[in-house]
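Undergrad: Quick one: this structure, given as structure tokens, is what I'll be asking you about.
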Amino acid sequence: MQVTPTHGGSTAKGVEAAQPETVSALDGTPSRPERDSSKNLQTTLANPIHCQGIALHSGVTVDLVLSPAPADTGVRFQRSDIEGSPSFPALYDHIVDTRLSTVVGCPTDPSLRVATIEHLMAALNACEIDNILVAVSDPELPVLDGASDAFAFLIRCAGRKTLDKSRQVIEILRNVRVEGENGAFAELRPAQRGLSLAISLSFPAQAIGNQRYAIQLDERRFMEELAFCRTFVNRKDIEYLQSIGLARGGSLETAVVVDGENILNPAGLKIEREFARHKLLDAIGDLYCAGHRMQAGFIGHKSGHALNNRLLRAVFSDAANWRFVPTGSSRAVPKALRARVAA
């Protein structure tokens with residue numbers, strides 16, 4: 001089965017998938033009756049799918065299997081290299097590290113963790129996959145194309161299946177803001193529909209400088225504007241990471257490398273403002289660690305994984321900040337259901 005991601009990204013190695021069952025068309029716009037009948041229902045994959053790729057930091061070959069899961073499972077990770085290990089949810093309060101990536105850990109066994117989940121989480125959020133089991137043979141997901149395009153490609157191959165269970169969406173009811181150093185902040189605000197995001201960057205490297213980008217999240221716009229935008233790094237940071245045994249799996253195909261005013265990738269950027277677009281991609285993934293899709297407006301300035309996670313913790317620290325609302329409805333789910341964002 002030979003397939004290629006939409007924007008010329010790296011095809012995932014060793015892709016295996018069965019032919020889909022009853023599936024929504026992920027690469028086209030469904031008809032209005034299909035949208036109207038299924039938009040409030042949960043989804044999963046139609047079929048399991050497997051690929052291999054290189055881990056960004058260890059440089060080892062990693063097996064990744066994405067499998068269908070029942071309604072109300074959410075996104076769960078499992079370490080397939082550790083026999084008998086339990087799966088654990090990708091939730092904001094299970095994020096154990098945000099220094100180099102978003103790292104999720106098992107609450108009952110701190111040794112079980114999976115790093116660099118944000119690009120997969122962004123693809124799952126944008127493609128509206130509510131329930132999935134992610135089995136990985138390493139403490140880190142494969143980097144694949146350094147973005148979300150390859151993960152979205154895997155989801156397309158597997159297909160999407162609608163489940164007979166209502167979807168819940170988190171509605172933000174009042175402004176919640178967290179602040180970091182040097183004027184950095186991240187904020188969620190009430191919104192009339194969906195998830196809108198805006199971000200601004202300010203980097204000393206002239207090749208990045210000051211950038212802004214905004215988007216109303218939907219699958220088509222995500223694929224056309226963000227999914228293929230790669231992670232980026234300063235050349236000096238790569239040298240330091242490699243000196244301590246990290247970044248062994250990175251390459252100029254999977255990351256934009258900046259050195260002052262120069263971009264070291266021979267082909268340059270894939271699109272203008274690729275840096276700001278990638279930061280929005282990261283935010284879409286990090287916010288999906290809320291456990292559900294959101295009806296909210298996100299605004300970030302110089303924000304990253306740490307601030308994004310702090311923002312979710314701030315939201316759910318007070319039940320007055322949010323409620324569950326079925327997609328397309330203003331009717332709130334009873335307050336008793338707020339006790340846990342995602343069990």
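The values are calculated or read from the model by the stated rules, or taken from the named source; none is laboratory data. Computed from a predicted model, the values in this text were never measured in an experiment. Counting neighbours? That spans all protein chains shown, and the Cβs are built from the backbone with ideal geometry, glycine included. Side chains included, ligands, DNA and RNA excluded: accessible areas come from the protein's heavy atoms. Shrake-Rupley method; radii C 1.70, N 1.55, O 1.52, S 1.80 Å.
Undergrad: Is there a residue being of a type in the set (S, T, N, Q), farther than 23 Å from residue 154 by Cα, modelled with pLDDT of 95 or more and out of contact with any helix residue (DSSP H, G or I) (no Cβ under 6 Å at 6 or more places or on another chain) anywhere in segment 288-296?
TA: Yes, there is a match, as at least one residue in segment 288-296 is of a type in the set (S, T, N, Q), farther than 23 Å from residue 154 by Cα, modelled with pLDDT of 95 or more and out of contact with any helix residue (DSSP H, G or I) (no Cβ under 6 Å at 6 or more places or on another chain).
Undergrad: Just the residues that are modelled with pLDDT under 65 and small (Gly, Ala, Ser), please, taken from segment 243-267.
TA: Of everything in segment 243-267, those that are modelled with pLDDT under 65 and small (Gly, Ala, Ser) turn out to be 245, 247, 249.
Residue by residue, here is whether (1) touching a Pro at 6+ places or on another chain (Cβ under 9 Å); (2) of a type outside the set (S, T, N, Q) holds:
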{"site": "186", "(1), (2)": "no, yes"}
{"site": "199", "(1), (2)": "no, yes"}
{"site": "202", "(1), (2)": "no, no"}
{"site": "207", "(1), (2)": "no, yes"}
{"site": "224", "(1), (2)": "no, yes"}
{"site": "228", "(1), (2)": "yes, yes"}
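Undergrad: Give me the pairs, please: first residue somewhere in segment 250-267 and on the phi < 0 side of the Ramachandran plot, second residue anywhere and among the acidic types (Asp, Glu), beta-carbon distance under 7 Å, and either six or more positions apart or on two chains.
TA: Listed pairs, sorted by first residue: 254/145; 256/274.
Undergrad: Under 9 Å by Cβ, and 6 or more places apart or on different chains, what pairs join a residue from segment 60-79 that is in a strand (DSSP E or B) with one that is surrounded by fewer than 16 Cβ atoms within 10 Å (Cβ to Cβ) and basic (Lys, Arg)?
TA: 61/13
Undergrad: Still on this structure, please answer the following. Only one of these conditions is not met by residue 228: (1) modelled with pLDDT of 95 or more; (2) under 23 Å from residue 312 (Cα atoms). Which number is it?
TA: Tallying (1) modelled with pLDDT of 95 or more; (2) under 23 Å from residue 312 (Cα atoms), residue 228 fails exactly one: (2).
Undergrad: Conditions first: (1) closer than 24 Å to residue 41 by Cα; (2) at pLDDT below 95; (3) of a type in the set (D, E, K, R). Residue 130 passes all but one, so which condition is the exception?
TA: With (1) closer than 24 Å to residue 41 by Cα; (2) at pLDDT below 95; (3) of a type in the set (D, E, K, R) applied to residue 130, the lone miss is (2).
Undergrad: Looking only at segment 294-323, count how many residues are of a type in the set (S, T, N, Q) and part of a strand (DSSP E or B).
TA: Here the count works out to 1.
Undergrad: I want to confirm something. Restricting to segment 12-47 and keeping residues that are outside any strand (DSSP E or B) and under 25 Å from residue 254 (Cβ atoms), which single residue is modelled with the lowest pLDDT?
TA: Among those that are outside any strand (DSSP E or B) and under 25 Å from residue 254 (Cβ atoms), it is 27.
Undergrad: Can residue 282 be described as modelled with pLDDT under 95 and either over 28 Å from residue 178 (Cα atoms) or in contact with a helix residue (DSSP H, G or I) (Cβ under 7 Å, 6 or more places away or on another chain) (or both)?
TA: Judged against the criteria, residue 282 is not a match.
Undergrad: Exactly one condition in (1) part of a strand (DSSP E or B); (2) within 25 Å of residue 294 (Cα to Cα) is false for residue 111; which is it?
TA: (2)
To keep it simple, each residue is scored yes or no on (1) crowded, with 18+ Cβ neighbours inside 10 Å; (2) under 17 Å from the mean Cα position of the chain (by Cα); (3) at negative phi.
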{"position": "79", "(1), (2), (3)": "yes, no, yes"}
{"position": "91", "(1), (2), (3)": "yes, yes, yes"}
{"position": "104", "(1), (2), (3)": "yes, yes, yes"}
{"position": "117", "(1), (2), (3)": "yes, yes, yes"}
{"position": "146", "(1), (2), (3)": "yes, yes, no"}
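Undergrad: Filter segment 185-222 for residues that are open to solvent by less than 50 Å² (accessible area, probe 1.4 Å), within 30 Å of residue 325 (Cβ to Cβ) and not in a strand (DSSP E or B) and give the result.
TA: Result: 191, 194, 217, 219, 222.
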